[in-house]
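The values are calculated or read from the model by the stated rules, or taken from the named source; none is laboratory data. The model shown is predicted, which means the values in this text are computed figures rather than measured ones. Neighbour counts run over all protein chains shown; Cβ positions are idealised from the backbone, glycine included. Ligands, DNA and RNA are excluded from the accessible area calculation, which covers all protein heavy atoms including side chains. Shrake-Rupley method; radii C 1.70, N 1.55, O 1.52, S 1.80 Å.
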Amino acid sequence: MTRYALRSMASHKLRTALTAIAIVLGTAMMAGTFVITDQIRNAFSDIFGTSFAGTDVYLSRRPAFGNGTGGAQVGPLPASLIGRVRAIDGVSKADGQIQAIGSLVVHGKYLSSQGGAPNLVVSTLPKPFNENTLVDGHYPNGPNQVALIQQTADDHDLKVGQHVGLTTLQGVKPVTIVGVFQFGDVSSIGGSTIIATTFSDAQRWYDRVGKTSTISVDGEPGISPAALKRRIGAQLPHWVKVQTGTEAAKEQTDEISGAINSFFTPALLAFAGAAVLVGAFVIFNTFSITVAQRMREFAMLRTIGAMRRQVLSTVLGEALMVGVMASVIGILAGVGFAKLLGALFKAIGFGLPLAGISVHAWPGVIVPLAVGVLVTLAASFAPARRATRVPPIAALREGAVLPRTWLSRFTPYIAGLALLAGILLVFQGVTGSGPTTQRLLTIAGGAILSFIGLAMVSRYLIRPLARAIGWPLSIGRGASGRLARENTTRNTGRTAVTAAALMIGIGLVVFFSVLINGFKQSFIGSIDESITSNLIIQSHSQGNPVPEDAVRAAQGVPGVDTALGVAFTQVKIGHGGTDAANGIDPATLPRLYKFQWQKGGSDALLGRLHGDDALVEEQFAKSHHLAPGDTFQVTSIDGRHVTMHEIGQYKDPVLFSGFMVSRGTYSELTTDHNPQVLLVRYASGTDENATTRAVRQALKPFPDVNVQTNSEFKDSFSKQINQLLYLLYILLAMSVVISLFGIVNTLALSVFERTREIGMLRAIGTTRFQLRQTILYESVITAIIGGILGIVIGVVLAWVVSLGFRSSGIVFAIPYGQVIVSLIVAAIAGAVAAAFPARRAARLNVLEALQYE
Amino acid sequence: MGVIEARDVTRRYGEGGAAVDALRGISLDVAAGQFAAVMGPSGSGKSTLMHILAGLDRPTSGTVAIDGTEITGLNDKQLTLLRRHNIGFVFQFFNLLPTLTAEENILLPLQIAGSKPEHEWVESVIERVGLGDRRRHRPAELSGGQQQRVAIARALVSRPTVIFADEPTGNLDSATGAEILAVLREAVDTYQQTTVMVTHDAGAAAIADRALFLADGLIVRDAPCKDAGDIMAILADLSAR
């Protein structure tokens, strides 16, 4: 029977190829995910390995809690520790290093890194800690000297001896480029700009006088790093974290790996999973159709004595071979996909360092192979079972119909239940408690279940949908339109599954569009409602503060009524998780921000905000069970404990989640008390444009701050969000492409099935063009059905998920434009998919077609 | 002069030593309103002849004219339009579209041509083939005879120059076959519809005005039809030679 299955595949090469592609693309995404995440991990491992190669022991400030996203920066160590460490027996050398954020200003222009990578400033370490390689000049050894990484020098054509500026917390400092270096032996780390200064310059410029970010220690010969670490650790206070160089490298690598493993890999795998699910639909459909078409063949096998089991293994054998072949090709294609992803991330502004490509058996080969093969087998199992039910008599009779199973009576109910259960599971995953991974899996499982449920239900919707969609065609396009409409309803099950494959891709596109639009609208809506400033000013470098001097400069501009810096950082609340602490000026904030007071609060509360008083956000109060008058414990990243006293509640989960304290109190919670955002409001009656120009002029000395009017700020926010959305679209495009192959396959098989009919149509005067049109319309109707189903399920799932995020202020807002575009995309996809089968049908020889059995 | 004029038509399949001559030089005329039967054993070339006359296949040499139009030089588009306007088909296996009702199947040629059906004409055709009460049914709900009636109506509806019927009774029992032949005969008589029927059934050929006998790619006898017995005799005579 194996030979029989092989022959069958070989004689239907096209069908086999089209079926295989459905799995190739999904497994390629999967394999590619493993390849690229491996590349990123290896790159960071190399980076940190190089950084710590010459370091025996490494000292830093011990954070009081895990450094979450948007996390607080760990504070510095006192510089006096350097001397204390040097005095320890066994220490040969110890030096401090400052790490900060900043970049060069060349001809008044701030040099950003590529693709959102950080703009780093570090002080130069001496040998043996310095693992960089000089390419030109020397390392800074006097005031106002800098060296830079080769990529930055190359990108901006900077030469040794050139005079440029460097952004610091004290404005732009004039510096001279004295050297160009490589990091280890590479010219760039993922597009970051790296500027090296002297230790003392860095201390002065980045608010670190008398302090150091870290200390690197070299041991005397004969003492192991581990022993030295123990010895140093024993003599220093507990808030100093002492690690060997190897441990520090490993910890930093692990931190990146953790982020990759907990977010990046699962997210990419989810998209690959969607592609595989679509592939499963295509495979199920193809096998269903071919089993129906080969009924006489199976009956013949049965008449000559084949067992049901043998018929089953013929079909499953074919599926197995398709699965193995497709998965192997997919894994090979995965390398290409990884390259594509790398280029994609770079293009949309995700600068990531990438090491060379390496493929590992686990999980890079085994997982995609197993998934590809198992999914193919699972998807073809039901059709294979159906093949076994073909009665031998069907060999002799034309048009034998397979008996319906007792189960088929319940199909609509089962499908409806699956759809509902899926939606409920998604809701439970979103609102339920439990580990994030488990909840995400629940959501994914629910989504899959609802897709399958809707695919099964849609069988009963095909007729009315096709009638409605095909109506204009049947009126406007005559016979072709009418025939196309009839053809889509001829085998509703087949049309349903074909459309359902497209439904998944379109459904996910719509789901993300709606969800992200909701997020965007919430944020923009909050700004419109609450922020009454004219300007919103932030640093160009993500997470970098706006210098206090810039705030003062803005305040000094004539026409400016209020310039207010808002600072925020993550702190640990009680013994639980982290939340945002917002440092504000209670006297001026109400001029720029409209409070939505809760529990009878009013702006009068701001006058009472001193010392350890806090205003808390409604959600924060809820999750920590706080009422006005209650107290709560806060721990800063540096380990300082403060007891806060709630004096009132406001509502704004989007812009000011967590709690608000005065800037004075805030400075106790962080070492970096510069604000992240500067809000500027003009006095009434001033010329807005003129004042904006004046503020820009006044902030010229701070080229790293980005002066935006409120509408500019909202625009650039929207743009960033849209970029994320485009990335999602590109990842989902694969699912749409696979379903496209599914449409091609179904149409090609239908054309093959209707050969004689096509012959008749041609004989009685249908032109090739009319025939092509008929198939084109059939395809477009099917695709639009898929699009409509996708939009429905996408909107429903997004609505369910948005319910779960309602307390975080996320609204549910349908982006109608994008939804309509996705329907048009579906229609175009259908038209594209029709091209090949339509051509095939039109090319059929009339006579041969007429005589086809 | 006839609505069909074929001159020295040959058709060769394959090349070199494996070449088969299906038609070896056939000339014939079918006059307007005539009902001609083409007879002959399997492999005699009767189907090939019909395909060439109907513009479904091209002769290797020779010419065919339908209603005065030389068709052997036409391209696919022109041939399609010729079939659409000048030719009707009745097939052995009915070849109806399963998704359309009887009436929709009948109207299909007009739909394809984009022309408006004349209500009275359509009604007359449906009445003539005896489908009045079955017009809303789909092919699967019709008997074989009823399906063939739909096919005949479909062929008549566009008032073609000539209808080609390819073994129209070949897939029916003899009683139903006789009914179908009667319908065809009536259509020829009522509408003066030129019809060419390919059949190997002497009884079927007997209702035609004229029978052409083919053997080995040549017309071996061209005689008016009297009755089935006469045709059987001719067949016996031919096979004896």
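Here the contact order of the stretch A:54-256, divided by its residue count and restricted to Cα pairs under 8 Å and six or more residues apart, works out to 35 percent. Measuring max minus min along each principal axis, the C-alpha atoms of the stretch A:436-509 give extents of 55, 22, 15 Å (largest first).
Evaluated over the Cα positions of the stretch A:569-662, the convex hull gives a direction-averaged projected area, one quarter of its surface, of 5.5 nm². For the pair A:L440 and A:T532 in one chain, pulling the backbone fully straight at 0.36 nm per residue adds 29.3 nm over the alpha carbon distance. A simple count of charges around A:D652, restricted to other residues whose Cβ falls under 12 Å of its Cβ and scoring Lys, Arg +1 and Asp, Glu -1, yields -1.
Distance between the C-alpha centres of the stretch B:134-166 and the stretch A:26-87: 81 Å, rounded to the whole angstrom.
Taking chymotrypsin sites (Phe, Trp or Tyr not before Pro) across the stretch A:15-77, none is in a DSSP loop with at most 12 further Cβ atoms lying within 10 angstrom of its Cβ. How many angstrom lie between the Cα centre of the stretch A:537-587 and the Cα centre of the stretch A:480-522? A separation of 46 Å, based on Cα centres. Here the convex hull built on the C-alpha positions of the stretch A:54-256 has a volume of 125 cubic angstrom per residue. Counting only DSSP beta bridges whose two residues both lie in the protein assembly as shown, roughly 70 percent are antiparallel.
Using the Cβ-Cβ distance between B:R12 and A:A468 with R0 set to 51 Å, the FRET efficiency works out to roughly 0.45. DSSP bridge analysis restricted to the stretch A:545-703 gives an antiparallel fraction near 70%, rounded to the nearest 5. Relative contact order of chain B: what whole-number percent is it, with Cα pairs under 8 angstrom and at least 6 residues apart? Relative contact order comes out at 27 percent.
The residues neighbouring A:A10, those whose beta-carbon lies less than 14 Å from its own, together hold a net charge of +3 under the Lys/Arg +1, Asp/Glu -1 convention.
Pairwise inverse Cα distances across the protein assembly as shown, averaged and inverted, put the Kirkwood hydrodynamic radius at 35.6 Å. In plain terms, the chain from A:V135 to A:S80 could stretch by 16.5 nm, reckoned as 0.36 nm per residue minus the Cα-Cα distance. Membrane-span-like helices in chain A (whole DSSP H runs, Cα extent of at least 20 Å along the helix axis, mean Kyte-Doolittle hydropathy of at least 0.0): A:13-51, A:265-293, A:308-347, A:366-388, A:411-431, A:436-458, A:462-476, A:492-530, A:710-753, A:768-804, A:816-843. For the stretch A:174-251, the convex hull drawn through the C-alpha positions has a volume of 174 cubic angstrom per residue. The label point for A:D185 and the one for A:E848, both projected 7 Å from the Cα toward the Cβ, are 6.2 nm apart. Give, to the nearest whole percent, the P(r) tail of the stretch A:740-797 beyond 19 angstrom, counting all Cα pairs. Across the stretch A:740-797, Cα pairs with separations above 19 Å total 42 percent. In units of the rule-of-thumb radius 2.2 N^0.38 Å, the stretch B:53-172 shows an alpha carbon radius of gyration of 1.11. For the protein assembly as shown, the solvent-accessible area with a 1.4 angstrom probe is 42 square angstrom per residue. Placing unit charges on the Cβ atoms of the charged side chains and taking the dipole of the stretch A:545-703 about its Cα centre, the candidate lying farthest along the positive direction among A:T671, A:Y682, A:A587 is A:Y682. In this view, the solvent-accessible surface of A:S313, computed with a 1.4 Å probe and all protein chains in place, comes to about 60 Å². Direction-averaged projected area, Cα convex hull, the stretch A:545-703: 9.7 nm², rounded to one decimal.
Calculated [222 nm] ellipticity per residue, helices only, for chain A: -18500 deg cm²/dmol; basis is -39500 (n - 2.57) per DSSP H run with n ≥ 4, divided by all residues, nearest 500. Only aspartates and glutamates eight or more places from A:K13 in sequence, or on another chain, were considered; those with a Cα closer than 20 Å are A:E297, A:E318, A:E753. Annotation for B:H137 and A:A627: the two label points, set 7 Å from Cα along the Cα-Cβ direction, are 8.1 nm apart. The stretch A:727-774 and the stretch B:60-131 have Cα centres separated by 26 Å. Partner lysines whose Cα lies under 24 Å from the Cα of A:K700, excluding those fewer than 8 positions away in the same chain, are identified as A:K109, A:K173, A:K714.
Seen from every direction in turn and averaged, the convex hull around the alpha carbons of the stretch B:4-240 projects onto 13.3 nm².
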